[in-house]
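The values are calculated or read from the model by the stated rules, or taken from the named source; none is laboratory data. Please read all numbers here as calculations on a predicted model, not as lab measurements. Positions of Cβ are backbone-derived with ideal geometry, glycine not excepted, and every protein chain shown enters the neighbour counts. Quick note on the areas: whole protein, heavy atoms, side chains included, nothing else; ligands and nucleic acids left out. Shrake-Rupley method; radii C 1.70, N 1.55, O 1.52, S 1.80 Å.
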Amino acid sequence: VILIVVSVCTASGVWNWLMDPETQKVSFFISFLNHTFFTIRCITLIGLFFAGIHRRVVAPSIIAARCQTVLAEYNTSCDDTGKLILKPRPHVQ
């Protein structure tokens with residue numbers, strides 16, 4: 001949730017930064033100082049990625065998908081928390 005909020009705020013800050021006519025007239029660093037919302041959100045987003053938040057978001061879903069693939073061979077599955085789900089046996093005729 002934090003990653004989504006910061007990403008959306010950064011995207012809106014980028015839009016405001018690029019649409020500002022003063023951005024083309026001043027230097028790069030002065031432009032960042034003029035748009036503190038974008039600067040703070042960009043630093044926050046970079047900090048979150050260095051902290052590894054992207055691994056925490058993606059890793060559980062990858063592990064659950066791989067487990068479900070393996071468990072399908074044994075007619076079982078698992079939910080996102082890792083709880084085993086037993087499926088009824090197919091009737092062979």
Response to the item:
Picking from Asn16, Asn34, the residue that is of a type in the set (S, T, N, Q) and touching a His at 6+ places or on another chain (Cβ under 7 Å) would be Asn16
Worksheet entry | In the stretch 63-80, residue nearest to His91 (Cα to Cα) [restricted to those that are open to solvent by less than 40 Å² (accessible area, probe 1.4 Å) and among the small types (Gly, Ala, Ser)] | Ser77
Worksheet, complete the sentence: Within the stretch 1-56, the residues that are in contact with a Gly (Cβ under 6 Å, 6 or more places away or on another chain) and open to solvent by 60 Å² or more (accessible area, probe 1.4 Å) are Phe37, Arg41
Fill in: The lone exception for Ser31 - which of (1) farther than 26 Å from Val5 by Cα; (2) of a type in the set (S, T, N, Q); (3) modelled with pLDDT of 85 or more it fails
(1)
